[in-house]
């Protein structure tokens with residue numbers, strides 16, 4: 001019989017590089033689950049196709065842009081969850097770039 005600790009011990013610990021791309025991976029996966037093309041997802045969120053491609057490549061919109069609200073709507077996801085994932089990605093991108101972390 002497998003226990004929760006057995007399952008956790010087999011799962012690799014994510015690295016900062018993995019977490020820096022967490023938003024991109026989650027967005028790409030959710031878009032696929034919904035069967036949306038990049039073009040349709042961009043249209044639903046009011047973004048340019050190039051912006052959506054950048055999002056799936058690791059770009060993180062700033063909090064003030066309101067794009068995360070639009071992205072959450074297009075992906076039928078909760079804004080607080082998407083914001084949290086974006087902040088985890090942002091933190092790890094800053095960590096990897098050796099920039100001072102925002103306080």
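Evaluate the following for residue 85: is it touching a helix residue (DSSP H, G or I) at 6+ places or on another chain (Cβ under 8 Å), assigned to a loop (DSSP other than H, G, I, E, B), closer than 24 Å to residue 15 by Cα and at pLDDT 95 or above? Write out each step before concluding.
Details: touching a helix residue (DSSP H, G or I) at 6+ places or on another chain (Cβ under 8 Å): yes; assigned to a loop (DSSP other than H, G, I, E, B): no; closer than 24 Å to residue 15 by Cα: yes; at pLDDT 95 or above: yes.
So residue 85 fails the test.
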- Note on the structure: Among the residues of the stretch 10-37, the number that are within 8 Å of the chain's Cα centre (by Cα) and either modelled with pLDDT under 95 or farther than 21 Å from residue 50 by Cβ (or both) is 1
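The values are calculated or read from the model by the stated rules, or taken from the named source; none is laboratory data. Since this is a predicted model, take the numbers as computed values, not measurements. Please note: Cβ atoms are built from the backbone with ideal geometry, for glycine as well, and neighbour counts cover all protein chains shown.
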